[in-house]
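The values are calculated or read from the model by the stated rules, or taken from the named source; none is laboratory data. Predicted model only: the values in this text are computed from it and were never measured. Cβ placement follows ideal geometry from the backbone for every residue including glycine, while neighbour counts extend to all protein chains displayed.
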Amino acid sequence: MYEYIVGKLEDVTPTSAIVESSGVGYYINISLQTYSAIDGKKEIKLFLHQVVREDAHLLYGFASAQERELFRLLISVSGVGANTARLILSSLSVPEIQTAIATENINLIKQVKGIGLKTAQRIIVDLKDKVTAVSGFSSEIVGGVNNTSKQEALSALVMLGFAKVAAEKVLDQVIKSEGNLPVEGLIKMSLKRL
């Protein structure tokens, strides 16, 4: 099992990062929280979680150990896989998820695409005692919306499994109603409406 990787950030999208370490390029799946934290940096450190399946060995990377720990807690819940956990972490911040679980806010968890009532209830029941408050987690969001931001957000939504036409329509609505938002903001707002 890998603990973390330190290296040069070769490429980053809202859903993945390519990190070069010791001459090897690693493809790492990331959440929007991590994207916000590492975008624009040259050298990064990501905390890793490896998923070994019959057909693939996948790496998931996180900007903080707290986010990785919450990811591991989420995938321990029956019916929540790695991609669903990543989608939850892309839709809500670590403190929002912890607060939702601690206060049994099923509706907030249900807002995430692919999470129904039973799964939201299972997350709360299984994790209520395990989730502890994490302090010091914040993601600074700066920047403005332009055509490139919209295209990056659209690409990320399509990679997360949404239909391109529906995602584009929602993105246009978000831009119209919310105004200037960075890529991660566009994706977050779109995820809440899809």
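In region 97-107, what residues are within 16 Å of the chain's Cα centre (by Cα) and either among the hydrophobic types (A, V, I, L, M, F, W, C) or surrounded by fewer than 16 Cβ atoms within 10 Å (Cβ to Cβ) (or both)?
Ile97, the sole residue that qualifies.
Considering region 162-194 alone, what residues qualify as being in contact (Cβ under 8 Å) with a residue 40 or more places away in the chain and either more than 20 Å from Ile38 (Cα to Cα) or assigned to a helix (DSSP H, G or I) (or both)?
Listed by number, the residues that qualify are Phe162, Val183, Glu184, Gly185, Leu186, Ile187, Lys188, Leu191, Lys192, Leu194.
Restricting to helices (runs of 4 or more DSSP H) lying wholly in region 1-116: which have 2 or more residues that are β-branched (Val, Ile, Thr)? Even if it seems obvious, please write down each step before you answer.
Numbers: elements: 32-38, 65-75, 82-91, 94-102, 106-110.
In region 1-116, 32-38, 82-91, 94-102, 106-110 are the helices (runs of 4 or more DSSP H) which contain 2 or more residues that are β-branched (Val, Ile, Thr).
Limited to region 145-161, what total is found for residues that are free of Cβ contacts under 8 Å to residues at least 12 places away in the same chain and either of a type in the set (S, T, N, Q) or in contact with an Asp or Glu (Cβ under 6 Å, 6 or more places away or on another chain) (or both)?
Total satisfying the criteria: 4.
So which residues in region 128-150 are among the polar types (S, T, N, Q) and either under 18 Å from the mean Cα position of the chain (by Cα) or modelled with pLDDT of 85 or more (or both)?
Matches in region 128-150: Ser138, Ser139, Ser149.
Can you pull out every residue in region 22-44 that is over 23 Å from Ser91 (Cβ atoms) and surrounded by 14 or more Cβ atoms within 10 Å (Cβ to Cβ)?
Once the filter is applied, which keeps residues that are over 23 Å from Ser91 (Cβ atoms) and surrounded by 14 or more Cβ atoms within 10 Å (Cβ to Cβ), region 22-44 yields only Tyr26.
If you scan region 55-74, which residues turn out to be more than 12 Å from the chain's Cα centre (by Cα), farther than 22 Å from Ile18 by Cβ and buried (at least 18 other Cβ atoms within 10 Å of the Cβ)?
Gln66, Glu69, Leu73, Leu74 - these are the residues of region 55-74 that are more than 12 Å from the chain's Cα centre (by Cα), farther than 22 Å from Ile18 by Cβ and buried (at least 18 other Cβ atoms within 10 Å of the Cβ).
Which pairs do you get when a residue that is closer than 18 Å to Leu186 by Cβ, found in region 17-40, comes within reach of a residue that is among the charged types (D, E, K, R), reach meaning Cβ atoms under 6 angstrom, with the pair 6+ apart or on two chains?
Between residues of region 17-40 that are closer than 18 Å to Leu186 by Cβ and residues that are among the charged types (D, E, K, R), the close pairs are Ser31/Arg86; Leu32/Glu184; Gln33/Glu67; Tyr35/Glu184; Ser36/Glu184.
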